[in-house]
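What follows draws every value from the coordinates through simple rules; no lab data is involved. Only a predicted model underlies this, so the values are computations on that prediction, with no experimental measurement involved. Reconstructed Cβ throughout: ideal geometry from the backbone, glycine too, with neighbour counts over all protein chains shown.
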């Protein structure tokens, strides 16, 4: 089960919602960033999980607004998956590690330029997550969602710190 499915089930635990409301809540939480949610997949996921018995349609509204609620089977699936996420450590897959694997294949000037460009992107991303946290607070989203944003920010800051040090090591001839 994908993270998006778990997020949908968890969101619907608060009560019946239609797809737009689920999407809006996940957007408010910033799930597109820290959970890689493809918002267009929410509607497909809702229909699929209803077909699997994890959700029930409680209202077929006008204009295609279908309201869903979690079934007992959906609650149990959510609980099972959620506990699995707490107990299971999976590697964070980042294409940057592929680039890092071949750090020795680039001429030093190209490598330093690429690293400096990454550094600027990381600084912008850190700033963006900090703004997202401030904006989320203004919308009164749950406090525990702050932790998702803080964790994403800490991961970005960690990579930023590494890149800053790596640039110095490359410029000093210590890398690659």
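Put in order of Cβ neighbour count within 10 Å, fewest first, the listed residues 18, 44 become 44, 18. Three principal axis extents of region 105-176 based on alpha-carbon atoms, in descending order, are 49, 17, 15 Å. Using the alpha carbons alone, the radius of gyration of region 47-130 stands to its Kirkwood radius in an Rg to Rh ratio of 1.28.
Model label sites at residue 154 and residue 28, defined 7 Å from Cα along the beta-carbon direction, differ in position by 2.6 nm.
Taking N as the residue count of region 3-87, its C-alpha radius of gyration divided by 2.2 N^0.38 Å amounts to 1.02. For the chain, modelled as a GNM whose springs connect Cα atoms under 10 angstrom apart, the maximal fluctuation among 11, 66, 108 occurs at 108. Kirkwood radius for the chain, taken over all pairs of different Cα atoms as the inverse mean of 1/r, rounds to 18.7 Å.
Taking 7 Å steps out from each Cα toward its Cβ at residue 172 and residue 44 produces label points 4.9 nm apart. Ordering 168, 22, 6 from the fewest to the most neighbouring beta carbons within 10 Å gives 168, 6, 22.
Of the residues 69, 88, 76, the one with the fewest other Cβ atoms within 10 Å heads the list, and the complete ranking is 88, 76, 69.
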